[in-house]
Amino acid sequence: MNYWPLLGVAVVIIGFVLRLNPVLVVVGAGLVSGFAAHIALPELLTLFGKSFVANRGLLLIALTLPVIGVLERAGLKEHAHAWIAGFRSLSLSRFLIAYLAVRQIFSMFGLTQIAGHAQTVRPLVAPMAEAAAERSVGELSDDEQQQIRALAAATDNIGLFFGEDVFIALGAVLLIQGFFAANQIVLEPLDIAIWAAPTALAAFVLQALRLQFYERGLRRKHQADNAISATENATVKIDAAH
(Lines give C-alpha, C1' and ligand atoms only; values in the text may rest on other atoms or scores of the structure.)
Protein backbone atom coordinates (compact mmCIF):
# COMPACT_ATOMS: atom_id res chain seq x y z
CA MET A 1 0.00 0.00 0.00
CA ASN A 2 1.24 3.52 -0.87
CA TYR A 3 1.33 5.66 2.28
CA TRP A 4 2.96 8.70 0.66
CA PRO A 5 -0.40 10.44 0.00
CA LEU A 6 -0.68 10.81 3.79
CA LEU A 7 1.96 13.55 3.48
CA GLY A 8 -1.01 15.84 2.83
CA VAL A 9 -2.03 15.40 6.47
CA ALA A 10 1.43 16.54 7.57
CA VAL A 11 1.13 19.59 5.30
CA VAL A 12 -2.19 20.50 6.94
CA ILE A 13 -0.72 20.14 10.44
CA ILE A 14 2.40 22.17 9.62
CA GLY A 15 0.37 24.84 7.84
CA PHE A 16 -2.02 25.29 10.77
CA VAL A 17 0.83 25.29 13.29
CA LEU A 18 2.55 28.05 11.30
CA ARG A 19 -0.80 29.84 10.96
CA LEU A 20 -0.59 30.07 7.19
CA ASN A 21 -3.54 30.92 4.98
CA PRO A 22 -6.02 28.00 5.44
CA VAL A 23 -7.04 27.97 1.76
CA LEU A 24 -3.43 27.74 0.60
CA VAL A 25 -2.71 25.04 3.20
CA VAL A 26 -5.66 22.88 2.11
CA VAL A 27 -4.92 23.31 -1.60
CA GLY A 28 -1.23 22.61 -0.99
CA ALA A 29 -2.09 19.47 0.99
CA GLY A 30 -4.33 18.30 -1.84
CA LEU A 31 -1.55 18.83 -4.40
CA VAL A 32 1.00 17.00 -2.24
CA SER A 33 -1.34 14.05 -1.70
CA GLY A 34 -2.26 13.99 -5.40
CA PHE A 35 1.34 14.02 -6.63
CA ALA A 36 2.28 11.40 -4.03
CA ALA A 37 -0.54 9.22 -5.42
CA HIS A 38 0.93 9.66 -8.94
CA ILE A 39 -2.02 11.67 -10.23
CA ALA A 40 -1.20 13.98 -13.14
CA LEU A 41 -1.75 17.72 -12.69
CA PRO A 42 -4.64 18.03 -15.24
CA GLU A 43 -6.41 15.08 -13.65
CA LEU A 44 -5.78 16.54 -10.20
CA LEU A 45 -7.24 19.93 -11.17
CA THR A 46 -10.26 18.16 -12.66
CA LEU A 47 -10.73 16.31 -9.37
CA PHE A 48 -10.53 19.61 -7.45
CA GLY A 49 -13.17 21.14 -9.71
CA LYS A 50 -15.55 18.19 -9.40
CA SER A 51 -15.20 18.16 -5.60
CA PHE A 52 -15.86 21.89 -5.40
CA VAL A 53 -18.99 21.67 -7.57
CA ALA A 54 -20.30 18.61 -5.71
CA ASN A 55 -19.93 20.29 -2.30
CA ARG A 56 -20.64 23.91 -3.21
CA GLY A 57 -23.83 23.81 -1.12
CA LEU A 58 -21.68 23.66 2.01
CA LEU A 59 -20.22 27.05 1.07
CA LEU A 60 -23.60 28.74 1.56
CA ILE A 61 -23.04 28.84 5.31
CA ALA A 62 -19.75 30.65 4.67
CA LEU A 63 -21.76 33.56 3.20
CA THR A 64 -23.00 34.28 6.72
CA LEU A 65 -19.52 35.17 7.93
CA PRO A 66 -18.78 38.12 5.60
CA VAL A 67 -22.29 39.48 6.21
CA ILE A 68 -21.74 39.38 9.97
CA GLY A 69 -18.30 40.93 9.48
CA VAL A 70 -19.73 43.85 7.50
CA LEU A 71 -22.44 44.42 10.12
CA GLU A 72 -19.89 44.34 12.94
CA ARG A 73 -17.72 46.80 11.06
CA ALA A 74 -20.75 49.07 10.84
CA GLY A 75 -21.10 48.99 14.63
CA LEU A 76 -23.68 46.24 15.17
CA LYS A 77 -22.15 45.05 18.46
CA GLU A 78 -21.84 48.59 19.81
CA HIS A 79 -25.48 49.37 18.94
CA ALA A 80 -26.64 46.13 20.57
CA HIS A 81 -24.59 46.94 23.66
CA ALA A 82 -26.01 50.46 23.91
CA TRP A 83 -29.58 49.34 23.23
CA ILE A 84 -29.67 46.71 25.97
CA ALA A 85 -28.11 49.14 28.47
CA GLY A 86 -31.33 51.18 28.27
CA PHE A 87 -33.40 48.48 29.99
CA ARG A 88 -33.09 49.28 33.69
CA SER A 89 -34.67 46.12 35.08
CA LEU A 90 -32.83 43.74 32.77
CA SER A 91 -30.05 41.67 34.33
CA LEU A 92 -27.61 39.18 32.86
CA SER A 93 -29.52 36.11 34.04
CA ARG A 94 -32.91 37.47 32.96
CA PHE A 95 -31.65 38.28 29.49
CA LEU A 96 -29.97 34.93 28.90
CA ILE A 97 -32.92 32.99 30.37
CA ALA A 98 -35.25 34.82 27.98
CA TYR A 99 -32.93 33.98 25.08
CA LEU A 100 -32.79 30.35 26.23
CA ALA A 101 -36.58 30.16 26.24
CA VAL A 102 -36.90 31.66 22.76
CA ARG A 103 -34.14 29.44 21.38
CA GLN A 104 -35.65 26.30 22.86
CA ILE A 105 -39.19 27.07 21.71
CA PHE A 106 -38.06 27.82 18.16
CA SER A 107 -36.03 24.60 18.12
CA MET A 108 -39.10 22.65 19.25
CA PHE A 109 -40.82 23.79 16.03
CA GLY A 110 -37.86 22.90 13.84
CA LEU A 111 -36.54 26.46 13.47
CA THR A 112 -33.01 25.47 14.40
CA GLN A 113 -31.23 27.68 11.88
CA ILE A 114 -32.96 30.89 12.92
CA ALA A 115 -30.19 31.55 15.45
CA GLY A 116 -26.73 30.26 16.24
CA HIS A 117 -23.23 31.25 17.27
CA ALA A 118 -22.39 33.04 14.02
CA GLN A 119 -25.82 34.53 13.36
CA THR A 120 -26.89 35.76 16.80
CA VAL A 121 -24.54 34.86 19.68
CA ARG A 122 -21.38 36.64 18.54
CA PRO A 123 -22.91 39.80 17.01
CA LEU A 124 -25.93 40.26 19.31
CA VAL A 125 -26.42 38.00 22.33
CA ALA A 126 -22.90 38.20 23.76
CA PRO A 127 -22.64 42.05 23.57
CA MET A 128 -26.13 42.35 25.04
CA ALA A 129 -25.26 39.95 27.87
CA GLU A 130 -22.13 41.96 28.64
CA ALA A 131 -24.14 45.18 28.69
CA ALA A 132 -26.73 43.63 31.02
CA ALA A 133 -23.95 42.46 33.36
CA GLU A 134 -22.27 45.88 33.36
CA ARG A 135 -25.56 47.44 34.36
CA SER A 136 -25.59 45.28 37.48
CA VAL A 137 -21.95 45.16 38.57
CA GLY A 138 -20.11 47.87 36.68
CA GLU A 139 -17.07 47.47 34.46
CA LEU A 140 -16.08 43.88 33.63
CA SER A 141 -12.60 42.43 33.50
CA ASP A 142 -11.34 40.61 30.42
CA ASP A 143 -11.80 37.23 32.11
CA GLU A 144 -15.38 38.10 33.06
CA GLN A 145 -16.15 39.21 29.52
CA GLN A 146 -14.85 35.89 28.20
CA GLN A 147 -16.91 33.99 30.78
CA ILE A 148 -20.08 35.82 29.81
CA ARG A 149 -19.45 35.18 26.13
CA ALA A 150 -18.97 31.50 26.93
CA LEU A 151 -22.22 31.52 28.93
CA ALA A 152 -24.06 33.06 25.98
CA ALA A 153 -22.69 30.38 23.64
CA ALA A 154 -23.52 27.61 26.12
CA THR A 155 -27.06 28.94 26.52
CA ASP A 156 -27.54 28.81 22.76
CA ASN A 157 -26.20 25.24 22.63
CA ILE A 158 -28.48 24.02 25.42
CA GLY A 159 -31.57 25.68 23.93
CA LEU A 160 -30.87 24.13 20.53
CA PHE A 161 -29.74 20.67 21.65
CA PHE A 162 -32.57 19.93 24.04
CA GLY A 163 -35.24 21.79 22.08
CA GLU A 164 -34.73 20.15 18.70
CA ASP A 165 -35.39 16.64 20.04
CA VAL A 166 -39.01 17.65 20.68
CA PHE A 167 -39.51 18.27 16.95
CA ILE A 168 -40.57 14.95 15.42
CA ALA A 169 -39.33 15.68 11.88
CA LEU A 170 -35.76 16.37 12.93
CA GLY A 171 -32.97 14.03 11.87
CA ALA A 172 -31.89 13.37 15.46
CA VAL A 173 -35.32 11.99 16.36
CA LEU A 174 -35.37 9.81 13.28
CA LEU A 175 -31.86 8.63 14.13
CA ILE A 176 -33.02 7.62 17.61
CA GLN A 177 -36.00 5.81 16.09
CA GLY A 178 -33.72 3.98 13.66
CA PHE A 179 -31.38 2.94 16.49
CA PHE A 180 -34.25 1.47 18.50
CA ALA A 181 -35.72 -0.20 15.42
CA ALA A 182 -32.37 -1.88 14.75
CA ASN A 183 -32.60 -3.32 18.25
CA GLN A 184 -36.17 -4.59 17.74
CA ILE A 185 -37.73 -1.78 19.79
CA VAL A 186 -40.61 -0.11 17.98
CA LEU A 187 -41.05 3.57 18.77
CA GLU A 188 -42.89 6.27 16.86
CA PRO A 189 -41.20 9.68 16.41
CA LEU A 190 -44.07 11.27 18.35
CA ASP A 191 -43.32 9.05 21.35
CA ILE A 192 -39.66 10.08 21.28
CA ALA A 193 -40.62 13.76 21.01
CA ILE A 194 -43.04 13.49 23.94
CA TRP A 195 -40.44 11.83 26.15
CA ALA A 196 -37.87 14.46 25.13
CA ALA A 197 -40.08 17.25 26.50
CA PRO A 198 -39.30 16.61 30.23
CA THR A 199 -35.59 16.51 29.40
CA ALA A 200 -35.87 19.84 27.63
CA LEU A 201 -37.72 21.32 30.61
CA ALA A 202 -35.09 19.99 33.03
CA ALA A 203 -32.29 21.43 30.88
CA PHE A 204 -34.03 24.80 30.85
CA VAL A 205 -34.41 24.85 34.65
CA LEU A 206 -30.81 23.77 35.28
CA GLN A 207 -29.35 26.33 32.87
CA ALA A 208 -31.56 29.06 34.35
CA LEU A 209 -30.29 28.19 37.84
CA ARG A 210 -26.72 28.13 36.58
CA LEU A 211 -27.12 31.61 35.11
CA GLN A 212 -28.59 32.96 38.32
CA PHE A 213 -25.82 31.43 40.44
CA TYR A 214 -23.18 32.88 38.12
CA GLU A 215 -24.71 36.34 38.29
CA ARG A 216 -24.97 36.14 42.09
CA GLY A 217 -21.29 35.17 42.32
CA LEU A 218 -20.32 37.98 39.96
CA ARG A 219 -22.16 40.52 42.10
CA ARG A 220 -20.52 39.26 45.28
CA LYS A 221 -17.09 39.48 43.69
CA HIS A 222 -17.61 43.06 42.55
CA GLN A 223 -19.08 44.07 45.91
CA ALA A 224 -16.01 42.63 47.64
CA ASP A 225 -13.69 44.41 45.20
CA ASN A 226 -15.53 47.70 45.73
CA ALA A 227 -15.31 47.29 49.51
CA ILE A 228 -11.55 46.68 49.31
CA SER A 229 -11.10 49.71 47.05
CA ALA A 230 -13.14 51.89 49.42
CA THR A 231 -11.04 50.73 52.38
CA GLU A 232 -7.78 51.42 50.53
CA ASN A 233 -8.97 54.89 49.51
CA ALA A 234 -9.99 55.68 53.09
CA THR A 235 -6.59 54.52 54.36
CA VAL A 236 -4.81 56.71 51.82
CA LYS A 237 -6.87 59.75 52.87
CA ILE A 238 -6.15 59.13 56.56
CA ASP A 239 -2.42 58.78 55.87
CA ALA A 240 -2.48 61.98 53.82
CA ALA A 241 -4.29 63.83 56.62
CA HIS A 242 -1.58 62.84 59.10
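The values are calculated or read from the model by the stated rules, or taken from the named source; none is laboratory data. Everything numeric in this text was worked out from a predicted model, so none of it was measured. When we count neighbours, we look across all protein chains shown, and the Cβ atoms used for this are built from the backbone with ideal geometry, even at glycine. SASA here: full protein model, heavy atoms, side chains in, ligands and nucleic acids out. Shrake-Rupley method; radii C 1.70, N 1.55, O 1.52, S 1.80 Å.
Summary of values
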item	result
Simple spin-label estimate for Leu41 and Asn233 in nanometres, 7 Å along Cα-Cβ	7.1
Percent breakdown of C-alpha pair distances by 5 Å bin, ordered from the shortest bin, for the chain	1, 6, 9, 10, 11, 10, 10, 11, 11, 8, 5, 3, 2, 1, 1, 1, 0, 0
Value of relative contact order over the chain, rounded to a whole percent, pairs C-alpha under 8 Å and six or more apart	17
Cleavage-rule hits, trypsin sites (Lys or Arg not before Pro), segment 1-107, DSSP coil, Cβ neighbours within 10 Å at most 13	Arg19, Arg88
Spread of Cα-to-Cα distances over 10 Å intervals beginning at zero, given as percent, for segment 155-240	16, 26, 17, 13, 11, 9, 6, 3, 0
Hits among lysines - C-alpha to C-alpha of Lys77 under 30 Å, sequence gap 8 or more where chains match	Lys221
Accessible surface, per residue, of segment 5-56 when the full set of protein chains is kept, probe 1.4 Å, Å²	73
Kyte-Doolittle mean at least 0.5 and Cα axial length at least 18 Å: DSSP H helices in the chain	22-36, 41-54, 92-108
Segment 5-56: relative contact order in percent, alpha carbon pairs under 8 Å with at least 6 residues between	37
Principal axes of segment 24-155: Cα extent on each, largest first, Å	67, 36, 25
Distance (nanometres) between label positions extended 7 Å along Cα→Cβ at Ser89 and Ile114	2.5
Solution diffusion estimate, µm²/s, Stokes-Einstein, segment 5-56, Kirkwood Rh from C-alpha pairs, 4 °C, viscosity 1.567 mPa s	114
